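Peer 1: Right, I'll just put the structure down here and ask away after.
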Amino acid sequence: MSIDYREVLERVLDAIVFVDREAKIVYANPSVRFFGYSPEELVGEKHARLELQLPDKSGKLRWVDVVISTIEERGEPTLAVMEIREITEIKRILEEMEKTKETYKTIFEAFPDFIGIIDKEGRIISANRNFLMVSNLSEEEVKGKSVFSFIHPDDSEKALKLLKSALETDSIVRDKVKAIIGGKEFVLDVSGRFIAEKNFGIVVSKDVTENVKLEKEIREKEEFFEKNIRELSLRIHDSGKRW
């Protein structure tokens, strides 16, 4: 069976262009019409440089994926083949994803609480700017450091149980944990979740040191007044008996 390769090329949906060693186009299939050109318009054109964006006939730039291969005859390259695939929509989606990534990165950096990304051993993969500022450490100094190195010795066991629970349940865990960051003691409201399919965990820690301190003061005052009221009630009761 004889195959007419030219007919095959004529029916391929992707644009295919042959160039010689001087980068001059010697063949273009009908699919180049997608860019607004006819094959006849392109043949004879010389392209010393290939771009990732090509203009169609209206002047609109389109993203293309260009694959170049050579055809050899007797061990010497005689033709270069360019396969051109239109990827404008794919490129647009990728750019949107990149913008979304930048948006989340901005939120990550600007978040007023501490945010960290850790591996399943509790080693820090990344930490936001607020944590770096308070800890007086650079991003490179923090990377690979264990989160437990920032936990107060009193709460090390509690923090370990919290991580273990996150790993086992694949759900959000939360508890208050004492920490030492940048030489200062904190009480942190820690919530986190380990994402198994991504093999990392996200930890958000809110500084509630002042809140805890205030709650303690209020509780101590309530206990003080309750104690005094009880004592006063007993005294009144005893004095009534004497009468």
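Peer 1: In nanometres, what is the gap between the two model label sites at Arg219 and Arg11, each 7 Å from Cα along Cα-to-Cβ?
Peer 2: 8.1
Peer 1: Among the GluC sites (Glu not before Pro) in the range 78-165, which ones are in a DSSP loop with at most 12 other Cβ atoms within 10 Å of the Cβ? Mind listing them? Before the final figure, lay out the partial values.
Peer 2: Values: sites: Glu83, Glu86, Glu89, Glu95, Glu96, Glu98, Glu102, Glu109, Glu121, Glu139, Glu140, Glu141, Glu157; in loops: Glu121.
Taking the range 78-165 and a limit of 12 other Cβ atoms within 10 Å, the loop GluC sites (Glu not before Pro) found are Glu121.
Peer 1: Need the full-extension length gain, Glu197 to Ser156, defined as separation in residues times 0.36 nm minus the C-alpha distance. One decimal, nm.
Peer 2: That works out to 12.1 nm of additional length.
Peer 1: Can you work out the FRET efficiency for the pair Val208 and Ser171, with r the C-beta to C-beta distance and R0 = 22 Å, to the nearest 0.05?
Peer 2: 0.50
Peer 1: Give the order of Val64, Val134 when sorted by the count of other beta carbons within 10 angstrom, beginning with the fewest.
Peer 2: Result, fewest neighbours first: Val134, Val64.
Peer 1: Moving to a separate point now. Karplus couplings for the range 209-226 from phi (6.51 cos²θ - 1.76 cosθ + 1.60, θ = phi - 60°), rounded to Hz, Gly and Pro as x?
Peer 2: Residue by residue, the range 209-226 yields 4, 5, 4, 5, 4, 5, 4, 5, 5, 5, 4, 5, 5, 4, 5, 5, 5, 4 Hz.
Peer 1: Next up: Please list 3J(HN,Hα) in residue order for the range 30-36, calculated via the Karplus relation 6.51 cos²θ - 1.76 cosθ + 1.60 where θ = phi - 60°; whole Hz, with x for glycine and proline.
Peer 2: With the stated coefficients, the range 30-36 comes to x, 5, 5, 4, 4, 8, x Hz.
Peer 1: Under a 5 Å amide H to amide H cut-off, with H placed in plane at 1.01 Å, what residues pair with Ala15 once short-range neighbours are removed?
Peer 2: Residues meeting the criterion, in which the H sits 1.01 Å from N, are Ile84, Glu86.
Peer 1: Multiply the residue separation of Glu185 and Phe148 by 0.36 nm, subtract the distance between their alpha-carbon atoms, and state the gained length in nm to one decimal.
Peer 2: Net length gain for the segment: 11.9 nm.
Peer 1: Given points 7 Å out from each Cα along the Cα-Cβ axis, report the Glu40 to Phe108 separation in nanometres with one decimal.
Peer 2: 5.6
Peer 1: Within the range 138-243, report the trypsin sites (Lys or Arg not before Pro) that DSSP leaves as loop and that have at most 12 other Cβ atoms within 10 Å. Spell out each step's value before the answer.
Peer 2: Values: sites: Lys143, Lys145, Lys158, Lys161, Lys164, Arg174, Lys176, Lys178, Lys184, Arg193, Lys198, Lys206, Lys213, Lys216, Arg219, Lys221, Lys227, Arg230, Arg235, Lys241, Arg242; in loops: Lys143, Lys145, Lys198.
Within the range 138-243, the qualifying trypsin sites (Lys or Arg not before Pro) (loop, at most 12 other Cβ atoms within 10 Å) are Lys198.
Just so you know, all these numbers are worked out from the coordinates, no wet-lab data involved. The structure displayed is predicted, hence computed values, not measured ones. All Cβ positions, glycine included, derive from the backbone under ideal geometry; neighbour counts span all protein chains shown.
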